[in-house]
Amino acid sequence: MSRPLVLLDSASLYFRSYYALPDSMTAPDGTPVNAVRGFADTIARILTERRPSRLVACLDADWRPAFRVNALPSYKAHRVADPVNNVEEVPDTLTPQVPIILDLLDAVGLATAEAGGYEADDVIGTLVHRESVDPVEVVSGDRDLFQVVREEPTPVRVIYVGRGWAKAEVLGPRELAARYDLPELNSGLAYADMALLRGDPSDGLPGVTGVGEKTAAKLITRFGSLEGLLAAAAADDKLVPLRVKTALRDAAAYVAAAPLVVRVALDAAVTVDSADVVPAEPRDPDRVRALQEKWDLGASVDRLLAALAAVRA
């Protein structure tokens, strides 16, 4: 098997770095750089352990896209800091670190990708959908991306770091099916349908009242998909419990709107800023060293450069 294309759920990873490391890590001018250093170390670890031939850091061009909000106004509504400008509530000391992360990625020569009006999840979904050559590994702390796992035409796995790198899990269709008691053949799509029914308060998804994760998994496994479940309920199939039929009827507006919100886009107009091949050496070594000195990134940059050299050796 060829070496993988790694897709980074960048915001998920630098948020984790921000909260994992103390904000006492600062540059000479006092700017916190804990997220920058943690993110650089994360990439170094990925390069060392996964040895990808290609890598793309996927970005949110819009963290709360209009098409999702129009479908379901509650989507991420509790995270909005500025309703007029649709600005996300982000820690004050994280915001100034994001441009530094992007500068470092550019100087090193690692590709970034985004799509206007879409989230990083959609960028990842689209790049996965397009890929027909290499196996894909998606690195994220977000369970929403479990839906992209597959076997064909190229295998796609999610490296889930929601509980930290020490407890990272590599999930493919088989592992996902076993974890949630879903059908292995289409466990990625089944996971998205299960998640829709279950809901997710952290994303403002109410779910269907009384349908928890286990019940949702059983229903999707029994009927094959959300559409299969809804068709069975509409036909008064006796295999759909009466309480579930009632709950689906009461939540009809949510159930109709939620697929657009929960399922990642596969056709976003993704722009990748440069070739996604992992370089053996940085694109601009002088600029990398200048960023390292200016922001006091120390050994984190050294480890990243060493990992680059090792992965392409």
Rounded to the nearest 10, the angle in degrees between the Cα long axis of helix 213-223 and the longest principal axis of the Cα atoms of the chain comes to 60 degrees
When the charge dipole of the range 3-106 is computed with +1 on Lys and Arg Cβ and -1 on Asp and Glu Cβ about the Cα centre, the Cα farthest towards its positive end, among Leu7, Val80, Leu104, belongs to Leu7
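Can you compute the charge dipole magnitude of the range 160-199 about its Cα centre, using +1 on each Lys and Arg Cβ and -1 on each Asp and Glu Cβ, nothing else charged? Give it in debye, rounded to the nearest 20.
180 debye
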Quick tally, 1.4 Å probe accessible area for Asp203, Asp181, Asp60, sorted with the most first, runs Asp181, Asp60, Asp203
Answer in debye to the nearest 20: the dipole magnitude of the chain about its Cα centre, from +1 Lys/Arg and -1 Asp/Glu charges placed on Cβ, is 1040 debye
For the range 18-66, the convex hull over Cα atoms projects on average to an area in nm² of 5.5 nm²
Note: the range 86-153, point scatterers on Cα, Debye, no solvent; log10 I/I(0) at q = 0.12, 0.20, 0.27, 0.29 Å⁻¹ equals -0.45, -1.08, -1.29, -1.30
So, relative contact order of the chain in percent, Cα under 8 Å, 6 or more apart, is 25 percent
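Before rounding to the nearest 500, sum -39500 (n - 2.57) across all DSSP H runs of length at least 4 in the chain and divide by the residue total; then give [θ] at 222 nm in deg cm²/dmol.
That calculation yields -13500 deg cm²/dmol at 222 nm.
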By the C-alpha gyration tensor axes a ≥ b ≥ c (rounded if a/c is under 1.5, else prolate when a/b exceeds b/c, else oblate), the shape of the range 239-313 is prolate
Farthest towards the positive end of the dipole of the chain, among Ala235, Gly199, Val69 and with Cβ unit charges of +1 on Lys and Arg and -1 on Asp and Glu, lies the Cα of Ala235
Expressed in angstrom, Rg and Dmax over the Cα atoms of the range 110-209 are 13.8, 44
Carbon/sulfur accessible area of the range 200-313, % of total, 1.4 Å probe, equals 58 percent
To the nearest Å², the heavy-atom accessible area per residue of the chain with 1.4 Å probe amounts to 45 Å²
For the chain, the charge dipole (Cβ of Lys, Arg +1; Cβ of Asp, Glu -1; about the Cα centre) points to a positive end, and the Cα of Ser225, Val36, Val301 closest to that extreme belongs to Ser225
Using alpha carbon positions and the Kirkwood radius, the Rg to Rh ratio of the range 123-179 is 0.96
Taking the convex hull of the alpha-carbon atoms of the chain and averaging its shadow over every direction gives an area in square nanometres of 16.4 nm²
For the range 1-133, shape from the Cα gyration tensor axes a ≥ b ≥ c, cut at a/c of 1.5 then a/b versus b/c, turns out oblate
Expressed in angstrom and rounded, the centroid-to-centroid distance over alpha carbons for the range 162-214 and the range 254-300 is 25 Å
Which residues qualify? For Val138, with a placed amide H closer than 5 Å and at least 5 residues away or on another chain, they are Leu7, Arg157, Val158, Ile159
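For the range 155-280, compute Rg over Rh where Rg is the Cα radius of gyration and Rh is the Kirkwood radius from the inverse mean 1/r over Cα pairs.
1.05
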Per the C-alpha gyration tensor (a ≥ b ≥ c, the square roots of its eigenvalues), the range 47-197 is rounded if a/c is under 1.5, else prolate if a/b beats b/c, else oblate; here it's oblate
With a 25 Å threshold on alpha-carbon distance, the violating pairs from Lys218/Lys245; Lys167/Lys214; Lys76/Lys245; Lys214/Lys238 are Lys76/Lys245
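The values are calculated or read from the model by the stated rules, or taken from the named source; none is laboratory data. Predicted, not measured: the structure shown is a model, and the values here were computed from it. Here Cβ is always computed from backbone atoms with ideal geometry, including for glycine, and neighbour counts include all displayed protein chains. Accessible surface areas use protein heavy atoms only, side chains included; no ligands, DNA or RNA. Shrake-Rupley method; radii C 1.70, N 1.55, O 1.52, S 1.80 Å.
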